[in-house]
């Protein structure tokens, strides 16, 4: 499936599974509902703008860069792991535009997802068991000054080593304790000590 060089308004767009899906360049969706069943491997979006849209992924997206997408007053739902939102032109070989403006992620699960070079004021991020660390690259000393259960500290250190352009990084407590140990309750208590962490 390929969509490029077009403006689509008021439609429901189905991104199918089992085939390559390339959206972009120069695609604008307005007041659309985009339903994606595409796998992480098959999905590519770049130089795409969504305005007043709903983006729903029915499959988990892992390590997909959405930094070539501008989300403007959109709602995003689904499970995202290791994905990036916002603007990160270094990721692409061609010039791209990306942003997150006053969006609603409250129905999304964000596991180790980054927001790059975007203003998050007005954007609703998911709450616990998700959490958000603001400006993680500037918080390493503070975050590593406390004791973390089991191997959770290694993940927190990795969060802090994110590029300086990272304005926030979101984690998912349930996924973290399954992989790194500890309990969700202890993780929440420790994260709650910092005023730059949103729970």
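For the chain, what is the relative contact order in percent, using Cα pairs closer than 8 Å and at least 6 residues apart in sequence? Relative contact order of the chain: 14 percent.
Taking the Cβ-Cβ separation of residue 128 and residue 30 as r and a Förster radius of 30 Å, what is the calculated FRET efficiency to the nearest 0.05?
My answer for the efficiency is 0.35.
Computing FRET efficiency as 1/(1 + (r/R0)^6) for residue 37 and residue 145, where r is the C-beta to C-beta distance and R0 is 45 Å, gives about 0.55. Rounded to the nearest whole angstrom, the semi-axes of the ellipsoid equivalent to region 1-63, taken from the Cα gyration tensor as √(5λ), stand at 18, 13, 10, largest first. Between residue 19 and residue 137, the distance separating the two model label sites (each 7 Å from Cα on the Cα→Cβ line) works out to 4.0 nm. Relative contact order for region 127-199: what is it in percent, counting Cα pairs under 8 Å that are at least 6 residues apart? Averaging sequence separation for qualifying contacts and normalising by length gives 48 percent for region 127-199. Summed over qualifying helices (DSSP H, 4 residues or more, each -39500 (n - 2.57)) and divided by its residue number, the chain shows a 222 nm mean residue ellipticity of -3500 deg cm²/dmol. If I compute mean projected area of the Cα convex hull in nm² from the structure I just sent, which labelled value in [x] 10.4; [y] 11.0; [z] 12.8 lines up? Among [x] 10.4; [y] 11.0; [z] 12.8, the one derived from this structure is [x].
Kindly state, to the nearest 0.05, the FRET efficiency for residue 73 paired with residue 185, given R0 = 35 Å and r defined as their beta-carbon distance. Approximately 0.50, to the nearest 0.05.
No value in this document is a laboratory result; all are computed from the given coordinates. Note that the structure is a prediction, hence the values are computed from the model and not measured. Methodologically, a virtual Cβ is constructed for each residue, glycine included, from the backbone with ideal geometry; neighbour enumeration extends over all protein chains shown.
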